[in-house]
Amino acid sequence: MSGLEELYKEIIIDHYRSPRNKGELPPPATRTEGFNPLCGDEIVIYIDVDSNGVLSDIKIGGQGCSISQSSASMMSAAVKGKTVAEAQEIIGGFKAMMSVHGDALGDPASEATAEPEVDLGDLEALKGVVKFPVRIKCATLSWNTLTQAIDEATA
Amino acid sequence: MKGSIMTSSPTFDIAKIRKDFPILSQIQDGKRLVYLDSGASSQRPTSVLDAMDHLYTHSYANVHRGVYQVAERATNAYEDARSKVAKFIGAPSANEIIFTKNATEAINLVAHSWGRANLQSGDAVVLTIMEHHANIVPWQMLAAEIGFEIRWVAIDEDGMLDTSNLDVLLDGAKMFAFTAMSNVLGTLTDTKALCAAAQKAGAVTLIDACQSVPHMPTDVVDMGADFIVFSGHKMLGPSGIGVLWGRAELLDAMPPFLGGGGMILNVTKDGFTPDGVPGKFEAGTPPIAEAVGLGAAVDYLNELGMEAVREHEVSLTAYALRTLTETVGETLTIYGPSEPAARGGVLSLELADVHAHDISQVLDEHAVCVRPGHHCAKPLMRHLGVNATARASLYIYNDTDDIDALAEALVQARDFFSI
């Protein structure tokens, strides 16, 4: 089971069992849905961006596997209270860790931020996912949805 | 071999069958490969690979074009395959067999060709909630264009089709398109009764037989169907070929689907005259080697006998339902009819609080191949209230050892996520 333990680190299972920032935000929060058409996972991200460009609140809804749910949970903890620019740096850092670059995500703008030195903290636990290519989409679903939510909120 | 105790028919020798499938002899991480994803795509025996190889090495040319001997052999091989497929499903004429890219294309063909010619705004098309997206989306696309209504037949708690209000749903409907066997629940539908009800209501029927034709005897005339579709790769044949069968008078009256070479009698600057069936619906170079491979797959299945195939799968499904429930316990939900004879060998599994993707990941560590996800049947999944299941699907080469390995791997998944 060593391969599995490398993938399913304790912290991943913890975030899966007790997801952080689960729920909804009322309007005028931005609500964005993301789908993984391969497995049917659905995610809903609610964000509030205040007048100072700070991502003041984030809530996550939807269903998914342990990888997608823990990734979303850790992401919400990592970006909450950060400025949009800081959040985007974390997104870039995470996508770089997943070895996925802008084009693959349909977001050419993130190409420039592909290899930043960002401290990802707990999120480093998801590094093992790279060895299971099929699961990368699980890990990145919430991040792509957040990118879209930020675009919508700051448009 | 422990599996041999399940063999009810003396002619159904699984150990011998497994030797015909080279891919199944491989070892993954020191474990025997347990292939339980034939509902998505089956494996193919050496005889199918050899038939395609033989065509390419001895008799390959384009079909219905050249006059040289090699081309004639290729054309004959392609048309022989059509005849074999026709006979396999009890079609009155080989000309009623249209080769397509897959079953999805076959349904799109009917929707575009028959649908455009026969459906109007205000009409109704009836589907079931159990349909694969392939038998939903083509009708939705057409409905968006034409403006007809789509009505849905529901299922009951045991996963059987709820036909209590079928007459109401069929009232005024022009088309009833339904599955012969659910790819998620394994539910078999009473195709004969459904076709009779549709006929009474004046609706044309299309049966998605992708999950049934590979697994049990099929007789399109006895069913009373107007169209049926299925794919080659789920019945030991290659990918890239599907089949549409339709009643000759319906096919004759339908306009062509794709335009191009091979589907015409004549072309002038002013227009074209389409060929008759089946050529009218086979524009461009068809999947020639794939058809030959499908013909060889039909030969292989005939050799086993479709009654025997069905018998094997019913007994293995019964064993699986029993073993999985006993071994894994209450945390496991198996969707679909509880009675093995009412279903095919498709087991959609849910392990409490463990997502199907995670189950499948643990199963892969045990070299057990299942499919996680929504199985291209999102309306059904929504109806069941699940967003994903892990689906194990059985075929001729599966035995009780495979089921035991699945049960053991599910226990490991349960324990790993400690539920």
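Structure summary
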| item | result |
| --- | --- |
| Filter result (in a loop (DSSP other than H, G, I, E, B) and open to solvent by 50 Å² or more (accessible area, probe 1.4 Å)) within region B:142-160 | B:D156, B:E157, B:D158, B:M160 |
| Qualifying positions in region A:4-34 - in a loop (DSSP other than H, G, I, E, B), within 14 Å of chain B (Cβ to nearest Cβ) and open to solvent by 50 Å² or more (accessible area, probe 1.4 Å) | A:K9, A:S18 |
| Residue, nearest to B:Q361 (Cα to Cα), within region A:43-88, restricted to residues that are assigned to a loop (DSSP other than H, G, I, E, B) and open to solvent by 20 Å² or more (accessible area, probe 1.4 Å) | A:K80 |
| Qualifying residue in region B:82-92 (condition: modelled with pLDDT of 95 or more and more than 24 Å from B:T218 (Cβ to Cβ)) | no |
| Subset of region A:45-72 that is facing chain B (nearest Cβ under 9 Å) and in contact with a Leu (Cβ under 8 Å, 6 or more places away or on another chain) - its residue that is farthest from B:R382 (Cα to Cα) | A:I67 |
| Number of positions in region B:375-408 that are in contact with a Gly (Cβ under 6 Å, 6 or more places away or on another chain), open to solvent by less than 10 Å² (accessible area, probe 1.4 Å) and more than 28 Å from A:N36 (Cα to Cα) | 2 |
| Boolean, A:P37 is free of Cβ contacts under 8 Å to residues at least 24 places away in the same chain, away from chain B (no Cβ under 13 Å) and either over 30 Å from B:M381 (Cβ atoms) or open to solvent by 60 Å² or more (accessible area, probe 1.4 Å) (or both) | no |
| Boolean, A:V100 is modelled with pLDDT under 95, surrounded by fewer than 17 Cβ atoms within 10 Å (Cβ to Cβ) and not basic (K, R) | no |
| Residue among B:N95, B:N76, B:N102, B:N62 that alone is surrounded by fewer than 20 Cβ atoms within 10 Å (Cβ to Cβ) and in contact with a Gly (Cβ under 8 Å, 6 or more places away or on another chain) | B:N95 |
| Qualifying positions in region B:10-36 - in a helix (DSSP H, G or I) and charged (D, E, K, R) | B:K16, B:R18, B:K19 |
| Strands (runs of 3 or more DSSP E) wholly inside region B:320-412 that include at least 1 residues being more than 14 Å from chain A (Cβ to nearest Cβ) and farther than 22 Å from B:G30 by Cβ | B:332-335, B:346-351, B:389-393 |
| Residues of region B:390-401 satisfying the condition of being charged (D, E, K, R) and either under 24 Å from B:C376 (Cβ atoms) or free of Cβ contacts under 8 Å to residues at least 40 places away in the same chain (or both) | B:R391 |
| Every residue from region B:37-51 that is open to solvent by 30 Å² or more (accessible area, probe 1.4 Å) and assigned to a helix (DSSP H, G or I) | B:T46, B:S47, B:L49, B:D50 |
| Residues satisfying the stated conditions in region B:329-351, i.e. β-branched (V, I, T) and either surrounded by fewer than 16 Cβ atoms within 10 Å (Cβ to Cβ) or modelled with pLDDT under 95 (or both) | B:T331, B:T333 |
| Breaking point among (1) within 12 Å of chain A (Cβ to nearest Cβ); (2) within 28 Å of B:W152 (Cβ to Cβ); (3) part of a helix (DSSP H, G or I), for B:T317 | (1) |
| Selected residue (only one of A:K127, A:K95, A:K137 is modelled with pLDDT under 95 and surrounded by fewer than 18 Cβ atoms within 10 Å (Cβ to Cβ)) | A:K127 |
| Condition met for B:G293 (within 21 Å of B:N398 (Cα to Cα), outside the structural domain of B:N398 (by TED's automatic domain parsing), crowded, with 19+ Cβ neighbours inside 10 Å and not hydrophobic (A, V, I, L, M, F, W, C)) | no |
| Conditions (1) touching a residue at least 40 places away in the same chain (Cβ under 8 Å); (2) surrounded by 13 or more Cβ atoms within 10 Å (Cβ to Cβ): number failed by B:E307 | (2) |
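The rows are residues; the columns are (1) at pLDDT below 95; (2) in contact with a strand residue (DSSP E or B) (Cβ under 6 Å, 6 or more places away or on another chain); (3) not assigned by TED's automatic domain parsing to the domain that holds B:Y78.
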site	(1), (2), (3)
B:V220	no, yes, no
B:L244	no, yes, no
B:I264	yes, yes, no
B:A289	no, no, no
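Here's the yes/no breakdown for (1) hydrophobic (A, V, I, L, M, F, W, C); (2) outside the structural domain of B:M181 (by TED's automatic domain parsing); (3) touching a residue at least 12 places away in the same chain (Cβ under 8 Å):
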position	(1), (2), (3)
B:D20	no, yes, yes
B:G39	no, yes, yes
B:F99	yes, no, yes
B:T104	no, no, yes
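Here is a yes/no grid of residues against (1) under 30 Å from B:D404 (Cβ atoms); (2) more than 18 Å from the chain's Cα centre (by Cα):
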| residue | (1), (2) |
| --- | --- |
| B:G261 | no, yes |
| B:I264 | no, yes |
| B:A283 | no, yes |
| B:V292 | no, yes |
| B:G295 | no, no |
| B:D299 | no, no |
| B:L304 | yes, yes |
| B:A308 | yes, yes |
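The values are calculated or read from the model by the stated rules, or taken from the named source; none is laboratory data. Predicted model, so just to flag it, every value in this text is computed and none were measured. No Cβ is skipped: glycine too gets one built from the backbone with ideal geometry, and neighbour counts run over all protein chains shown. Only protein heavy atoms, including side chains, enter the accessible area calculation; ligands, DNA and RNA are left aside. Shrake-Rupley method; radii C 1.70, N 1.55, O 1.52, S 1.80 Å.
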